[in-house]
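The values are calculated or read from the model by the stated rules, or taken from the named source; none is laboratory data. Here the structure is a predicted model, which is why all the values come from computation and not from measurement. Please note: Cβ atoms are built from the backbone with ideal geometry, for glycine as well, and neighbour counts cover all protein chains shown. Calculation scope for accessible area: heavy atoms of the full protein, side chains included, ligands and nucleic acids excluded. Shrake-Rupley method; radii C 1.70, N 1.55, O 1.52, S 1.80 Å.
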Amino acid sequence: LSHMTAQRWGRIIHIDSEAVTLGQGNFNADVAAKGGQNGWNRLTATELAPFNITVNMVSPGWIAVERHETDPQEEKDAFGRVFRWAVPADVSDAAGLITGQHLRVNGGFAVA
C-alpha cells in the first residue's frame, strides 16, 4: 500500500464469496468475515480515492478453473443449463473508475 500511495496509483481487489449473497448454510464464519470485508472494502475505497487507488470486491461464481475439476458432474451440468460458466478473463482489473463496488461475476446466478 505504501508503494501505491507513493506512486499515486493502484488497484486493490478483494475476493469475496457467493456464500454471502446467497446466505449459504454451513459457511457461518466465511459469511461473517466476508460481510466485514465488504464494509472495509467501501471504507478503504473512500480513503484511497485521493491517491488514484481503486478498491473493489469481486464475488466470482463457479469459474471454470482447476478448483472445480472434482465438483460433482451433476452440479456442473445443472449450473450450465441455466447459467454460462465464467472463465478467468471475465474478471478484470482494468476499469479505473470503478471503486468501492462489490462486483458479482456469476452470470446472474446470485441475483440479489
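Points worth noting:
- Any hit, the range 35-44, residues being hydrophobic (A, V, I, L, M, F, W, C) and either in contact with a Gly (Cβ under 6 Å, 6 or more places away or on another chain) or modelled with pLDDT of 85 or more (or both): yes
- Filtering the range 3-35 to residues that are within 19 Å of Thr99 (Cβ to Cβ) and open to solvent by less than 80 Å² (accessible area, probe 1.4 Å) leaves Met4, Thr5, Gly10, Arg11, Ile12, Ile13, His14, Asp16, Lys34.
- Meets criteria (of a type in the set (A, V, I, L, M), surrounded by 13 or more Cβ atoms within 10 Å (Cβ to Cβ) and either in contact with a helix residue (DSSP H, G or I) (Cβ under 8 Å, 6 or more places away or on another chain) or outside any strand (DSSP E or B) (or both)) for Leu48: yes
- Subset tally (residues that are under 15 Å from Arg104 (Cβ atoms) and part of a helix (DSSP H, G or I)) for the range 14-30: 5
- Answer residue from the range 36-45, given it is polar (S, T, N, Q) and in contact (Cβ under 8 Å) with a residue 40 or more places away in the chain and is surrounded by the most Cβ atoms within 10 Å (Cβ to Cβ) among those: Asn41
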